[in-house]
2 protein chains.
Amino acid sequence: MSGRLAIIGLGPGNVDQITPEAQDEVARAAHFFGYKPYLDRLELRPGQTIHPSDNREELDRAKAALDLAAGGQDVAIISGGDPGVFAMAAAVCEAIDDGPQDWRDVDLKVVPGITAMLSVAARIGAPLGHDFCAISLSDNLKPWEIIEKRLEACADAGLVMAFYNPISKSRPWQLGRAFEILREKLSPETIVIFGRAAGRPDEKMTYSTIRDAEPTQADMATCVIIGTSETRMIEREGRDPLIYTPRSYSGSISGLVTGLAPGAVK
Amino acid sequence: MSGRLAIIGLGPGNVDQITPEAQDEVARAAHFFGYKPYLDRLELRPGQTIHPSDNREELDRAKAALDLAAGGQDVAIISGGDPGVFAMAAAVCEAIDDGPQDWRDVDLKVVPGITAMLSVAARIGAPLGHDFCAISLSDNLKPWEIIEKRLEACADAGLVMAFYNPISKSRPWQLGRAFEILREKLSPETIVIFGRAAGRPDEKMTYSTIRDAEPTQADMATCVIIGTSETRMIEREGRDPLIYTPRSYSGSISGLVTGLAPGAVK
């Protein structure tokens, strides 16, 4: 008899930003898999069991959770943010795709949450107000050269960029290299936002320009947002400035890359 | 005396996906601005006043709300999904940037919500499991040529794409034209997801390939997700298939566009 697996997004970390749907799924499950700091956020009752694992063991975690669910248990995998954005939902699908037939019989539910770029954007204004992309700077699962191509393509195309997994102890140079690449493509005054732990007690929002941005301004809990030539800052007396990207595009078509890298967009 | 303006994201439409933070802000405000169908979702008490407007009047709505807030009122603007993604937060920032000084004194709060692409992705698996972009297909505020450039750049770069505002009575041809452009760039079997009203009673999830996708499969309430060459489908007996994009990138670097448009990525 097959059980159930819910992959639950807890959002940024503030309990006020967890949806009732996610809370209901937490109340329902008997077994909880996930990265320890996410499991620590749960208020569990006696009889609910946690199975913590390291944050680089996603596929093993997915397999262990599927195995238990296929055996008839009510299982949850806990993600921060949204489980579909650089998180556990894809890892579980990968495991099912390569796994035994009975993993396909598990009643699978993905419960969305507020992903980091949305919570950071909300704290600072509306930097994602125009077309944008989300790129993981981790080269654990894809070649760094692909990431460089994507940074160049998105800069040329005038997309706002949100970087997930910008930096870690084992990936110390990637964010600095990304800034170097973008300095070749973007106006020096382009706004860069470092949004750390948005909505949590240790929240820290800072901003810079692509000219002055330093990788040391980010850590593992930071989502970095890179504006476009259109992204603007509104100064406010006695309040933090607002940073936003207008809904409109004011440049000419050929001006998409004017003054930057001519011909960079085909 | 300046008041307060909360720009509130209600999420996809299911009450279980509204955060407690959003509910608290709704309980607090006295005046509600927004597109009528979003205001209709609220359960208000006597004394709370709604100011409905059409969905193409964002800037006028933002100005009216700011005016009332600057006069000392507790005001809310209601967005579906997340207010920072092709919604009211950018419109309010635009209005403040061009508006009178006292609009900058308003206590502004953006309350994030679950945006359409996250709820659609959750319903169908994990199509956004790899790097992705979000593009509005509306050419009301940017030239269509810019949108075409972005579609080409993102297809060449191997990004999953989520289309917002794919089609409407006044924009009938844009989605079909986008499919034409992508057929030149992507493998014919590339998966296309039509996610309508995810989480609501009238939810409808369908999928196709870029070869066969028809714009008539979408309406105003649909978020269209275009996979990459890596996006896969898992068939499940007695259940809907799962669609996901692996976290890894399996192609070679030069293979980013293999068999498609040689040299399309610089």
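Viscosity 0.890 mPa s, temperature 25 °C: give me the Stokes-Einstein translational D for the range B:106-232 in µm²/s, with Rh taken as the Kirkwood radius over C-alpha pairs. Don't skip to the end; give the middle numbers.
Working: Rh = 14.9 Å.
Translational D for this selection: 165 µm²/s.
Ranked for footprinting exposure by Cβ neighbours inside 10 Å, fewest first, A:Met117, A:Met161, B:Met233 give B:Met233, A:Met161, A:Met117. Plainly put, the tip 7 Å out from Cα toward Cβ on B:Lys36 is 5.6 nm from that tip on each other copy, the closest given first.
Across q = 0.13, 0.21 Å⁻¹, the range B:12-140 modelled as identical point scatterers on its alpha-carbon atoms has Debye log10 I(q)/I(0) values of -0.58, -1.32, in the order of the q list. Model label sites at A:Met1 and B:Glu237, defined 7 Å from Cα along the beta-carbon direction, differ in position by 1.9 nm.
Structural size metrics of the protein assembly as shown, computed from C-alpha coordinates, are Rg and Dmax of 21.9, 65 Å. What is the spin-label model distance, in nm, from A:Asp97 to A:Leu59 if the labels are put 7 Å beyond Cα along the C-beta direction? Each label point lies 7 Å from its Cα, and together they span 1.1 nm. Would you look at the GNM of chain A, springs on alpha carbons closer than 10 Å, and say which of A:Ala121, A:Ala90, A:Ala218 moves the most? Result: A:Ala90 has the largest fluctuation of those listed. Closest approach to the B-A rotation axis by any Cβ of B: residue and distance in angstrom? So the chain B residue sitting closest to the axis is B:Cys133, 2.
Using the number of other C-beta atoms within 10 angstrom as an exposure proxy, rank A:Arg239, A:Arg45, B:Arg232 with the fewest first. Don't skip to the answer; put the middle values down first.
Values: A:Arg239 13, A:Arg45 6, B:Arg232 18.
Ordered from fewest to most neighbouring Cβ atoms within 10 Å, A:Arg239, A:Arg45, B:Arg232 come out as A:Arg45, A:Arg239, B:Arg232.
Computed over chain B, relative contact order equals 19 percent, with contacts defined as Cα pairs under 8 Å that lie 6+ residues apart.
Label-to-label distance for A:Asp212 and B:Ala30 is 4.1 nm, based on points extended 7 Å past Cα in the beta-carbon direction. Once the label point is set 7 Å along the Cα-to-beta-carbon vector, what list of distances in nm do you get between A:His51 and its counterparts in the other copies? In nanometres, ordered from closest: 5.3.
Taking 41 Å as R0, compute the FRET efficiency from the Cβ-Cβ separation of B:His51 and B:Lys204 and round it to 0.05.
Calculated transfer efficiency: 0.85.
Give, as a single signed number, the net charge of other residues whose beta carbon lies under 12 Å from the beta carbon of A:Ser168, with Lys and Arg counted +1 and Asp and Glu -1. With Lys, Arg at +1 and Asp, Glu at -1, the net is +1.
Label points for A:Asp139 are taken 7 Å from Cα along Cα→Cβ. From this copy to the others they lie 3.9 nm apart, shortest first. In the range A:129-225, Cα pairs under 8 Å separated by at least six residues give a relative contact order of 30 percent.
Among A:Lys185, B:Lys169, sorting on how many other beta-carbon atoms sit within 10 Å of each Cβ, with the fewest leading, yields B:Lys169, A:Lys185. Pairs over the 31 Å Cα-Cα cut-off, from the set A:Lys36/B:Lys185; B:Lys169/B:Lys204; B:Lys63/B:Lys142: A:Lys36/B:Lys185.
Readers should treat all values here as calculations from the given coordinates under stated rules, not as data from a laboratory. Not measured: the values here are computed from a predicted model. A quick note on method: Cβ atoms are made from the backbone with ideal geometry, for glycine too, and the neighbour counts reach across all protein chains shown.
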